[in-house]
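All remarks here apply to the structure that follows.
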Amino acid sequence: MSKEKANHGSGKKNGKTAHVGVASGAAKAALARVSPLTQDPHATRDTREKVLEVAIGHEVRAFRKKLGITVADLAATTDISLGMLSKIENGITSPSLTTLQALSRALGVPLTSFFRRFEEERNAVFVKAGEGVDVERRGTRAGHQYTLLGHIGSDTSGVTVEPYLITLTEDSDVFPTFQHDGMEFLYMLEGEVVYRHSNNLYRMTPGDSLFFDADAPHGPEELTHLPIKYLSIISYPRNRGND
C-alpha cells in the first residue's frame, strides 16, 4: 500500500481481506500543484474559425511552428514580407492563391491543407437517458453491463474517447485484471465497490472518482453494495485500440 494512502476499513471477498485506500492530504496537495489549463474557456475561437481568413491563418501558423521556424525564416523562404505574413497568420487579410502556393511549397504541405479547419465538421453526440448502446467488452463475460454513451469517429484531437455506463448486479463477478492502452476515469454513481488499480484498493461510493493509467491491472475487487453503477471514460491515442 502506498504511503500516500490511509487504511479505510477492510472487506472480505473469497476469504481475502482487502485494505482499502483513500486520498490523503498528500494526494490533495498533489492535485493543488497541478498547473491550471492555459486555454481560455470563454474564448470564441470556434466561431471565428468559420471566417476563412482566420482558418487559413491558424493553419499557416501551426505548420510553421511544427517545422520550428520563425516568421522571419518563412518570409525569407517565400519572399513575403514580415508584415504580410503577420497579417495572414492573424487572419487579418485574405492571401492570394499565388501567396498560398508559395506558403504550401515552403511549409511542405498541400495547398488544400490551409482550408482544413474551415471545412471540417465539428461533431457532437446526444444520448437520451436509457438510450445508450449495450456493447460486448472483456468484462461482459463476468456479468458486467457496458452501455456506450457516445462515439465520434473522426475529430481533430488525435485521441479516441469512449464513455461507458457500467452496471454491476448480483449476477456480476469481480474482475480486477483489466489492462488496456490509455487513461481511464471512473465516477461512482450508485452502490459501493472496492476497486483495484495495480497494488492499491479504493473503496468507492457515490461521488467518488478515480483517474489512472489503464495499462496497470485494474477492476472491481469487491462488490460491497449492489446494484453498482459508475461512469467509465477511457481515452487513448488514435490508431491504438484497447480490450
Point to revise | Residue that is modelled with the highest pLDDT [pool: residues in segment 138-160 that are over 30 Å from residue 58 (Cβ atoms) and among the polar types (S, T, N, Q)] | key: 147
Review point. So, in segment 228-243, of the ones that are open to solvent by 60 Å² or more (accessible area, probe 1.4 Å) and touching a Gly at 6+ places or on another chain (Cβ under 7 Å), which residue ends up modelled with the lowest pLDDT?
Key: 238
Point to revise | Residue list for segment 202-227, restricted to those being under 24 Å from the mean Cα position of the chain (by Cα), among the hydrophobic types (A, V, I, L, M, F, W, C) and either surrounded by 16 or more Cβ atoms within 10 Å (Cβ to Cβ) or in a strand (DSSP E or B) (or both) | key: 204, 210, 211, 212, 214
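Results for (1) polar (S, T, N, Q); (2) within 26 Å of the chain's Cα centre (by Cα), shown as yes or no for each residue.
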site	(1), (2)
81	yes, no
91	no, no
96	yes, no
101	yes, no
110	no, no
125	no, yes
144	no, yes
Check your understanding: Identify, please: which residue in segment 165-200 is in contact (Cβ under 8 Å) with a residue 60 or more places away in the chain and not in a strand (DSSP E or B) and is, among those, surrounded by the fewest Cβ atoms within 10 Å (Cβ to Cβ)?
Key -> 199
Point to revise | helices (runs of 4 or more DSSP H) contained in segment 23-91 and holding at least 3 residues modelled with pLDDT under 70 and open to solvent by less than 100 Å² (accessible area, probe 1.4 Å) | key: 25-32
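The values are calculated or read from the model by the stated rules, or taken from the named source; none is laboratory data. Predicted model, so just to flag it, every value in this text is computed and none were measured. Every residue, glycine among them, receives a Cβ derived from its backbone with ideal geometry; neighbour counts consider all protein chains shown. Just so you know, the surface numbers come from the protein's heavy atoms only, side chains and all, with ligands and any DNA or RNA stripped out. Shrake-Rupley method; radii C 1.70, N 1.55, O 1.52, S 1.80 Å.
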